[in-house]
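Structure, as structure tokens:
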Amino acid sequence: QVQLVESGGGLVQAGGSLKLSCAASGRYTMGWFRQAPGKEREFVAGISWGGGNTNYADSVKGRFTISRDNAKNTLYLQMNSLKPEDTAVYYCAARRMAWATVSRLRNEYDYWGQGTQVTVSS
């Protein structure tokens with residue numbers, strides 16, 4: 001059973017930074033999604049199995065950076081210049097298929113973490 005455990009969420013002022021982590025029980029193509037109250041879960045960023053390919057939502061491009069440490073099976077999301085509209089529960093997700101490409105589609109991810117709350121105050 002694949003386990004994904006997020007950490008690093010919290011409360012931060014607008015313009016501040018947070019770094020999320022996701023500990024995985026294996027090595028997968030992975031992504032970060034977020035869900036704000038009353039909204040659908042949306043893609044934030046994704047990274048390939050080897051780490052060589054990344055993809056970002058337009059809303060976070062230039063502010064967020066996705067990375068991974070394969071030796072530790074850990075995924076990261078460095079979030080800078082945070083805005084109140086970034087407030088959401090952030091989820092990490094993994095694709096089961098070996099060497100899967102990065103996808104923006106949530107239904108192409110097979111495993112999900114429990115989520116971590118990020119709140120950005122104005």
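Could you grab me the full set of residues in the range 1-16 that are assigned to a loop (DSSP other than H, G, I, E, B) and either within 15 Å of residue 118 (Cα to Cα) or in contact with a Pro (Cβ under 9 Å, 6 or more places away or on another chain) (or both)?
Listed by number, the residues that qualify are 8, 9, 14, 15, 16.
Quick test of your reading of the structure: residue 43 fulfils all but one of (1) closer than 18 Å to residue 5 by Cβ; (2) in contact (Cβ under 8 Å) with a residue 60 or more places away in the chain. Name the failing condition by number.
Going through the list (1) closer than 18 Å to residue 5 by Cβ; (2) in contact (Cβ under 8 Å) with a residue 60 or more places away in the chain, residue 43 breaks only (1).
Identify all residues within the range 32-54 that are within 18 Å of residue 94 (Cβ to Cβ), hydrophobic (A, V, I, L, M, F, W, C) and modelled with pLDDT of 95 or more; write none if there are none.
Of everything in the range 32-54, those that are within 18 Å of residue 94 (Cβ to Cβ), hydrophobic (A, V, I, L, M, F, W, C) and modelled with pLDDT of 95 or more turn out to be 32, 33, 43, 44, 45, 47.
Considering only the range 17-48, state which residues are outside any strand (DSSP E or B) and open to solvent by 20 Å² or more (accessible area, probe 1.4 Å).
17, 25, 27, 28, 36, 37, 38, 39, 40, 41
The values are calculated or read from the model by the stated rules, or taken from the named source; none is laboratory data. The structure displayed is predicted, hence computed values, not measured ones. With ideal geometry, Cβ positions are generated from the backbone for all residues, glycine too; neighbour counts draw on all protein chains shown. To get the accessible areas, we keep the full protein, side chains included, count just its heavy atoms, and leave off ligands, DNA and RNA. Shrake-Rupley method; radii C 1.70, N 1.55, O 1.52, S 1.80 Å.
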